[in-house]
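Colleague: First the structure, which I've put down as structure tokens, then a few questions once you've had a look.
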Amino acid sequence: MSAPLLQLRGVTAYYGAIAALKGVDVDVNAGEIVTLIGANGAGKSTLMMTIFGAPQARDGSIVYDRRDITRMPTHEIARLKIAQSPEGRRIFGRMSVLENLKMGAAVTGFAHYEEDLARVFSIFPRLKERANQRGGTLSGGEQQMLAIARALMSRPRLLLLDEPSLGLAPLVAKQIFSVVADLNRDEGLTVFLVEQNAYHALKLAHRGYVMVNGKITLSGEGRELLERPEVRAAYLEGG
Ligand code: ATP
């Protein structure tokens, strides 16, 4: 079996003296959708950010495509075809949709700009209609689409998505998950997804991990985790 595209081993991360990650092991194989679920404050966003080098892992290792990226600066990691759509989306509010997408294409030196623009507009027709609108005036769902589209403009092999459904109406969240599934199925895009919306995220995922208090406590196939009583009790029932 080939090595995982992304492999974390014993990763710790700290904010000052406080440990936010306490020895995390995660594998993401090429072509998979892998989901990480967990309650507020479990350390999910920190894990995403640590993969990108800020904060840097204190112990352990992060290997991407057989390269050790544990101590690599963030701007170098971005060049390795890893793209991130962070929590809170962080699009450029004063820039137009088109300008935001250009920022995503900058990583590749605009090598396939027109082609990639046509592609993201076909995935998200709404963004095409709003190409000249300022990012900050888009709806929550449109901003999420823009954040994902911007990440796709860099032609990633691995897409890291931090809570793409946060604050979205259920129908819009469903659309976003369906785009992620299409990208994975049709283009083989590998996705590592952090979500509080455990039901949809685990249904979508080939495999999943549960994080509690900076540690992975459970892992397995997405649909199998959905059936686990401890997952149902903590993340699904009443939700
Ligand atoms: P949520 O689902 O609420 O976004 P999360 O699982 O993504 O939660 P993190 O944002 O990774 O959790 O936070 C993990 C822990 O680290 C929390 O206790 C949080 O308060 C703490 N933390 C996060 N960012 C910082 C920071 N910049 N400085 C200090 N502590 C932080």
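The values are calculated or read from the model by the stated rules, or taken from the named source; none is laboratory data. Quantities reported herein were computed from a predicted structural model and do not represent experimental measurements. With ideal geometry, Cβ positions are generated from the backbone for all residues, glycine too; neighbour counts draw on all protein chains shown. Just so you know, the surface numbers come from the protein's heavy atoms only, side chains and all, with ligands and any DNA or RNA stripped out. Shrake-Rupley method; radii C 1.70, N 1.55, O 1.52, S 1.80 Å.
Colleague: In region 124-227, what % of DSSP beta bridges are antiparallel (nearest 5)?
Modeller: Details: 6 of 11 bridges.
So the antiparallel bridges amount to about 55 percent of the total.
Colleague: Ranked from the most accessible area to the least, with a 1.4 Å probe and all protein chains present, what is the order of VAL172, VAL120? Can you show the working numbers first?
Modeller: Values: VAL172 40, VAL120 0 Å².
Per-residue accessible area, sorted high to low, gives VAL172, VAL120.
Colleague: Could you list which residues have their amide H under 5 Å from that of LEU36, counting only those 5 or more apart in sequence or on another chain, with H placed in the peptide plane?
Modeller: It is LEU193, VAL194, GLU195, TYR209, by chain and number.
Colleague: In region 140-239, which chymotrypsin sites (Phe, Trp or Tyr not before Pro) are in a loop and have at most 11 other Cβ atoms within 10 Å, using DSSP for the loop call? Could you put the intermediate results ahead of the total?
Modeller: On the way: sites: PHE177, PHE192, TYR199, TYR209, TYR235; in loops: none.
Here no loop site has a sparse enough neighbourhood.
Colleague: Turning to a different aspect of this structure: Whenever you get a sec, line up MET153, MET49 from highest to lowest accessible area (probe 1.4 Å, protein heavy atoms). Intermediate values should be presented prior to the final figure.
Modeller: On the way: MET153 0, MET49 55 Å².
Descending order: MET49, MET153.
Colleague: Given the C-alpha centroids of region 60-76 and region 198-232, what is the distance between them in whole angstrom?
Modeller: The two parts, judged by their Cα centres, are 26 Å apart.
Colleague: If you don't mind, another one. Assigning unit charges at the beta carbon (Lys, Arg +1; Asp, Glu -1) and nothing else, what dipole magnitude in debye, to the nearest 20, does the chain show about its Cα centre? Don't jump to the answer; show the numbers that get you there.
Modeller: Details: 29 positive and 25 negative charges, 92 e Å.
So the dipole magnitude of the chain works out to roughly 440 debye.
Colleague: Report, to two decimal places, the Cα Rg of region 135-211 normalised by 2.2 N^0.38 Å (N = number of residues). Intermediate values should be presented prior to the final figure.
Modeller: Details: Rg = 12.1 Å, N = 77, 2.2 N^0.38 = 11.5 Å.
Relative to the 2.2 N^0.38 Å estimate, region 135-211 comes out at 1.06.
Colleague: Residue by residue, what Karplus-based ³J(HN,Hα) values in Hz, rounded to whole numbers, does region 53-68 have, using 6.51, -1.76 and 1.60 with θ = phi - 60° and x for Gly and Pro?
Modeller: For region 53-68, the Karplus curve yields x, 8, x, 6, 4, 8, 10, x, 9, 10, 10, 10, 6, 6, 10, 7 Hz.
Colleague: Moving on. Over the chain, with a Gaussian network built from C-alpha contacts below 10 Å, which listed residue (ALA83, ALA17, ALA54) shows the highest mean-square fluctuation?
Modeller: Highest fluctuation among the options: ALA17.
Colleague: Using only C-alpha atoms and all pairs of different ones, pull out the Kirkwood radius for the chain in Å with one decimal.
Modeller: Details: mean 1/r = 0.0553 Å⁻¹.
When all Cα pairs of the chain are included, the Kirkwood radius is 18.1 Å.
Colleague: Report, in degrees rounded to the nearest 10, the 0 to 90 angle that the Cα long axis of helix 170-187 makes with the longest principal axis of the chain.
Modeller: Taking Cα atoms only, the helix is inclined about 90 degrees.
Colleague: Exactly which chymotrypsin sites (Phe, Trp or Tyr not before Pro) in region 86-169 are in a DSSP loop and have at most 16 other Cβ atoms within 10 Å?
Modeller: On the way: sites: PHE92, PHE110, TYR113, PHE121; in loops: PHE92, PHE110.
Those satisfying the criteria are PHE92, PHE110.
Colleague: Now, a different point. Straight-line reach only, C-alpha to C-alpha below 19 angstrom: list the aspartates and glutamates that LYS203 could link to, leaving out same-chain residues fewer than 8 apart.
Modeller: Within the straight-line cut-off, LYS203 pairs with ASP27, GLU32, ASP162, GLU163, ASP182, ASP186, GLU195, GLU221, GLU224, GLU227, GLU230, GLU237.
Colleague: Something else: Reported to two decimal places, what Rg/Rh ratio describes region 1-70 when computed on Cα atoms with Rh from the Kirkwood expression?
Modeller: Details: Rg = 12.0 Å, Rh = 12.4 Å.
Computed over Cα atoms, the ratio is 0.97.
Colleague: At what distance in nm do the modelled label points of GLU224 and TYR113 sit from each other, each positioned 7 Å from its Cα along Cα→Cβ?
Modeller: Output for this residue pair reads 4.7 nm.
Colleague: Would you calculate a helix-derived [θ] at 222 nm for the chain, using -39,500 (n - 2.57) for each DSSP H run of n ≥ 4 and dividing by the full residue count, to the nearest 500? Don't skip to the end; give the middle numbers.
Modeller: Details: 9 runs with 82 residues, N = 239.
Taken over the chain, the calculation gives -9500 deg cm²/dmol.
Colleague: Among TYR64, GLY16, LEU47, pick out the residue whose Cα is farthest towards the positive end of the charge dipole of region 1-78, where Lys and Arg carry +1 and Asp and Glu carry -1 on C-beta, about the Cα centre.
Modeller: Comparing the listed Cα positions along the dipole, GLY16 ranks first.
Colleague: Amide H to amide H under 5 Å from GLY23: which residues, 5+ apart in sequence or cross-chain, H placed 1.01 Å off N in plane?
Modeller: Long-range HN contacts for GLY23: VAL11, THR12, ALA13.
Colleague: Not counting ligands, DNA or RNA, and with a 1.4 Å probe, what is HIS206's accessible surface area in Å² rounded to the nearest 10?
Modeller: In the full protein context, HIS206 sits at about 80 Å².
Colleague: Averaged per residue, what accessible area in Å² does the chain show with a 1.4 Å probe, protein chains only? Don't skip to the end; give the middle numbers.
Modeller: Details: 11070 Å² over 239 residues.
Counting only protein heavy atoms, the per-residue value for the chain is 46 Å².
Colleague: To continue, here is another question. Could you list, in their original order, any pairs among LYS22/LYS44; LYS81/LYS174; LYS22/LYS174; LYS102/LYS128 whose Cα atoms are separated by more than 21 Å?
Modeller: On the way: LYS22/LYS44 12 Å; LYS81/LYS174 26 Å; LYS22/LYS174 32 Å; LYS102/LYS128 14 Å.
Those over the limit are LYS81/LYS174; LYS22/LYS174.
Colleague: Mind listing the phi-derived Karplus ³J(HN,Hα) values for region 95-111, rounded to whole Hz, using 6.51, -1.76 and 1.60 with θ = phi - 60°, and x for any glycine or proline?
Modeller: 8, 6, 4, 4, 5, 4, 5, 4, 4, x, 6, 4, 4, 8, x, 6, 4
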